[in-house]
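Single-structure report; data block below.
The values are calculated or read from the model by the stated rules, or taken from the named source; none is laboratory data. This one's a predicted model, so the numbers in the text were calculated from it and none came from an experiment. For neighbour counting, all protein chains shown are included, and Cβ atoms are generated from backbone atoms with ideal geometry for every residue, glycine included.
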Amino acid sequence: MNFVLHGHSVSGGITIGHAHLVSSARLEVAHYEIPDASVEAEIARFDAAVSLVRGELVELSRQIPADAPAEFGAFVDLHAMILNDSSLAEVPRKLIRDERCNAEWALIRQMEGLVAQFDAIDDAYLKERKADIQQVVERVLKALLGKPGTVAPDLSGETQLIVVAHDLSPADMILFKQHRFGGFVTDVGGVTSHTAILARSLGIPAIVGLHHARQMIRENDLLIVDGLQGVLIVDPDASVLAEYQLKQSQFDLEKKKLRRLKSTPAATLDGTPIELFANIELPQDMAAVLEAGAQGVGLFRTEFLFLNRKTLPSEEEQFEAYREVARDGRQAGHHPHPGHRR
């Protein structure tokens, strides 16, 4: 059945491939009462799940490919910090004991309370951080339900897979990076989510906020992800498929043409010079900035300096990060804009 879904484009480009569905444990949680005699065993079951996920995140840190964007390590470390925080590691234990509820339900209850606090924040970027809490909870729930980690797709042939999920975490994407992964679409998420930021870093066409894609799409359905317009086409007919195959070829050709123009001075038709700047998250991003021929940094998202550590960076460390960005720009003959902190 041919149909179209609309969402938020977070990474441009067009990809055509077959759907690979990823389940969400959050949508499968039951609520039941625990007998008094079983409360301590239920708490032990919760602790074991947290410990298992803690080990998963440590192992994921070791598996990060050398060519992966630097943000991968930062986001995995952030999820480890969230997992170890008492709001997730301790409060559900109290709920299990006080309300005699199952561990899954206690964890969901606590997650909903934390998410509500983030929903009350006006800043769109900070509001989106609730996704990191939900993604950590997802991993613990899968461990509790006996389905730890993310099952990597079994790939055969040369078909690119398009991952379809209710939500995806940066940790999930580390596993997918090891396979032939053409794009992804999710029911939830926004343009400032960490998963969206990683998609842009990897150059993967992606759409978020589709609402019901996971429920409506079947495994192996043919999909077209139009990351330029934020449109997902499911089971396209022959004419639509041919149209998008042409669009995909034209887009790839246009990208190659644009790369040849990166050293050409930017100006309007009447000769007015235009400065082109790039946004970065970490000092390591300067390599891509210089490769693209940008004239400087327009926005330096300095909050990312705080994500891959257990302690706050000192003033000296932050200064060194800024100096590294400025030095790399000068060595390449550029004059980086001082940037802005958001």
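Which condition number in (1) closer than 27 Å to D285 by Cβ; (2) out of contact with any Gly (no Cβ under 8 Å at 6 or more places or on another chain) is the one that S61 fails?
Among (1) closer than 27 Å to D285 by Cβ; (2) out of contact with any Gly (no Cβ under 8 Å at 6 or more places or on another chain), the lone unmet condition for S61 is (2).
Quick one: what pairs do we get from region 207-222, first residue within 20 Å of Q245 (Cβ to Cβ), second at pLDDT 85 or above and in a loop (DSSP other than H, G, I, E, B), C-beta under 9 Å, 6+ apart or different chains?
Listed pairs, sorted by first residue: I207/G7; I207/G227; I207/G230; D221/D235; L222/D235; L222/P236.
Out of all the residues in region 281-301, which are under 19 Å from Y125 (Cα atoms) and in contact with a Gly (Cβ under 8 Å, 6 or more places away or on another chain)? Full working, then the answer.
Let us first name the residues in region 281-301 that are under 19 Å from Y125 (Cα atoms), namely 281-282, 298-301.
G298, L299, F300, listed by residue number.
I'd like to know if region 228-238 contains one or more residues that are of a type in the set (V, I, T) and at pLDDT below 90.
Looking only at region 228-238, we keep the residues that are of a type in the set (V, I, T), and these are 231, 233-234.
When the remaining residues are screened for being at pLDDT below 90, the result is none.
No, because not a single residue in region 228-238 is of a type in the set (V, I, T) and at pLDDT below 90.
Taking only region 100-135 into account, find how many residues are within 20 Å of F75 (Cα to Cα) and aromatic (F, W, Y).
Of the residues in that region, 2 qualify.
Out of the residues in region 166-195 that are in contact with a Phe, Trp or Tyr (Cβ under 7 Å, 6 or more places away or on another chain) and either among the aromatic types (F, W, Y) or surrounded by fewer than 23 Cβ atoms within 10 Å (Cβ to Cβ) (or both), state the one that is modelled with the highest pLDDT.
Within region 166-195, the match that is modelled with the highest pLDDT is T192.
For region 81-102, give me each residue that is of a type in the set (A, V, I, L, M) and within 19 Å of L57 (Cβ to Cβ).
Those that are of a type in the set (A, V, I, L, M) and within 19 Å of L57 (Cβ to Cβ): M81, I82, L83, L88, A89.
Pairs, please: C-beta under 7 Å, at least 6 apart or cross-chain, first residue within 18 Å of E303 (Cα to Cα) and in region 188-204, second crowded, with 22+ Cβ neighbours inside 10 Å and of a type in the set (V, I, T)?
Partner pairs satisfying both residue conditions: G190/V208; V191/V10; S193/V208; A196/V10; A196/V208; R200/V10.
Out of the strands (runs of 3 or more DSSP E) lying entirely within region 1-120, which hold 1 or more residues that are β-branched (V, I, T) and buried (at least 16 other Cβ atoms within 10 Å of the Cβ)? I'd like the intermediate steps shown before the answer.
On the way: elements: 3-6, 8-11, 14-22.
Because the criterion is at least 1 residues that are β-branched (V, I, T) and buried (at least 16 other Cβ atoms within 10 Å of the Cβ), the strands (runs of 3 or more DSSP E) in region 1-120 that meet it are 8-11, 14-22.
Scan S249, S239 and give me the residue that is exposed (fewer than 11 other Cβ atoms within 10 Å of the Cβ) and of a type outside the set (V, I, T).
S239 is the lone residue from the list that is exposed (fewer than 11 other Cβ atoms within 10 Å of the Cβ) and of a type outside the set (V, I, T).
Taking the residues in region 291-330 that are aromatic (F, W, Y) and in a helix (DSSP H, G or I) as candidates, determine which candidate is nearest to E71 (Cα to Cα).
Restricting to residues being aromatic (F, W, Y) and in a helix (DSSP H, G or I), the top hit is F304.
For V297, work out the one condition from (1) in contact with a Phe, Trp or Tyr (Cβ under 7 Å, 6 or more places away or on another chain); (2) at pLDDT below 85 it doesn't fulfil.
Going through the list (1) in contact with a Phe, Trp or Tyr (Cβ under 7 Å, 6 or more places away or on another chain); (2) at pLDDT below 85, V297 breaks only (2).
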